[in-house]
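Reviewing the structure listed below.
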Amino acid sequence: MKIGIVCYPTYGGSGIIATELGMMLAKKGHQIHFISYSLPARLDITLPNIVFHQVNVKTYPLFESYQPYSLALSTLMVEIIRNHRLDVLHVHYAIPHAYAAYFAKQILKEENIDIKVITTLHGTDITLVGQNPVYKSAVEFSINQSDAVTTVSQSLKDDTLEVFDIKKEIQVIPNFIDNNLFVHKEGPCPRNNFALPEDKILIHVSNIRKVKRIQDVISVFDKVQKEVPAKLLIVGEGPEAENLQQQVRDLHLEDKVKFMGKINQLHSILCVSDVFLLPSQEESFGLAALEAMAASVPVVSSNAGGITEVNLDGETGFVSNVGDVEKMASDVLSLLKDPEKLAQFKINAQKRALEFDKSKVIPLYEELYQSVIEK
Ligand code: GMT
């Protein structure tokens, strides 16, 4: 099949899922056309069957700070679908991708081209941004105008049906990973690069935004390091970094907390870690937690959104109410102080991650594409 994939190119989970999906479909022989405003962070453009199309917005003084990105995106969608005769257009993250796809579909209808549009909802397009009155009507309309709608968790499906008047059937297709990428193969993990032999290593990975509650990551670590020698690695870049660095200084933890920035070879840093922290306020799935589990790292998280569909409380880690840093710290210590328990949770985490392997999930998208095309 000839498939268009629209996504954000950034390090966020929705862009990662869209990119990995496209690359895996290309390896299976499908022709994949990526559409975004810049090259997606994880896209290997040298792979066969992959073409990247960049959305260019032509600026004009009248527009000032407002750039008609959706207009440029719809136009590019139309040209790619028309020129390459795409079978299906799969947009990731409703805003503004589903809206732009609707207009592309209407334009092509005038040329008797019926492009099928699939919208995958990823999280904050529903739970934070989408339900804002500034966007809500257009988001609801563009979801209902899609030929098929998926969400990355049951929790997000429930949230979507609660907030919006959705007339379409919503299919849950969970996020996925290539478990092979997270199994450390090159010899012993380089723990000595990050910590002393007696140190335990806690880690958090995200795009460092308020919704992730990383202040809780630091508060939990502060409580833990008072009882066991430990280091904290914070991976990723985002708007909250400066505030978090100030919190670390206020707690006099500068020599125990390392801000790592963006890292592509995530498995090598996960490999040295003992516990992954994800205390998010909202989290439709928590792809970063799944990646940690695939690297045999147990997860201590909040119970926000779909995290509990990934992280099994008392089995692959622990789950607490949002903001309950006391319990999160206690749960981390119950693992760090009991090597046998930690070893078992590591085994459980990796086993759970296999449930979300690409081999189980990619076929679900292929079946969806085929069913939509045949309608
Ligand atoms: O977090 C966002 O703003 C959107 C998105 C992203 O691109 O990072 O994250 C969402 O999509 C991911 C992939 O489906 C999910 O794993 C994340 O849980 C979800 N983020 C939230 O719901 C906060």
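Okay, residues lined up against (1) touching a Phe, Trp or Tyr at 6+ places or on another chain (Cβ under 7 Å); (2) of a type in the set (A, V, I, L, M); (3) surrounded by fewer than 21 Cβ atoms within 10 Å (Cβ to Cβ):
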site: Ile3; (1), (2), (3): yes, yes, no
site: Gly12; (1), (2), (3): no, no, no
site: Ile17; (1), (2), (3): no, yes, no
site: Leu25; (1), (2), (3): no, yes, no
site: Ala41; (1), (2), (3): yes, yes, yes
site: Asn56; (1), (2), (3): no, no, yes
site: Phe63; (1), (2), (3): no, no, yes
site: Pro68; (1), (2), (3): no, no, yes
request  = Specify the residue that is farthest from Gly323 (Cα to Cα); the eligible residues are those in the stretch 205-235 that are open to solvent by 30 Å² or more (accessible area, probe 1.4 Å) and assigned to a loop (DSSP other than H, G, I, E, B).
outcome  = Pro229
key: helices (runs of 4 or more DSSP H) fully within the stretch 85-166 counting 2 or more residues that are away from the ligand (no atom under 12 Å from the Cβ) and within 27 Å of Val361 (Cα to Cα)   = 94-109, 136-144, 154-163
ask   = Which condition number in (1) open to solvent by 70 Å² or more (accessible area, probe 1.4 Å); (2) in contact with a strand residue (DSSP E or B) (Cβ under 7 Å, 6 or more places away or on another chain) is the one that Leu196 fails?
value = (2)
query = Hey, Ile173 hits all of (1) more than 14 Å from the ligand (Cβ to nearest atom); (2) over 17 Å from Ala292 (Cα atoms); (3) in contact (Cβ under 8 Å) with a residue 40 or more places away in the chain but one; which does it fall short on?
reply = (1)
task = Select from the stretch 351-375 the residues that are surrounded by 19 or more Cβ atoms within 10 Å (Cβ to Cβ) and not aliphatic (A, V, I, L, M) and write down the one among them that is nearest to Ala292 (Cα to Cα).
result = Arg352
task = Restricting attention to helices (runs of 4 or more DSSP H) lying wholly within the stretch 236-324, give those where 2 or more residues are touching a residue at least 60 places away in the same chain (Cβ under 8 Å).
result = 266-270, 287-294
message = Please count how many residues of the stretch 275-297 are touching a Ser or Thr at 6+ places or on another chain (Cβ under 6 Å), surrounded by 24 or more Cβ atoms within 10 Å (Cβ to Cβ) and more than 20 Å from Leu21 (Cα to Cα).
response = 4
query = So which pairs qualify, if the first residue must be in the stretch 127-141 and under 21 Å from Phe285 (Cβ atoms), the second must be charged (D, E, K, R) and within 11 Å of the ligand (Cβ to nearest atom), the Cβ gap must be under 6 Å, and the two must be at least 6 apart or on different chains?
reply = Thr127/Asp159; Thr127/Glu282
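The values are calculated or read from the model by the stated rules, or taken from the named source; none is laboratory data. In this text, all values refer to a predicted model and were calculated from it rather than measured experimentally. All Cβ positions, even for glycine, are placed from backbone atoms using ideal geometry, and neighbour counts span all protein chains on display. To get the accessible areas, we keep the full protein, side chains included, count just its heavy atoms, and leave off ligands, DNA and RNA. Shrake-Rupley method; radii C 1.70, N 1.55, O 1.52, S 1.80 Å.
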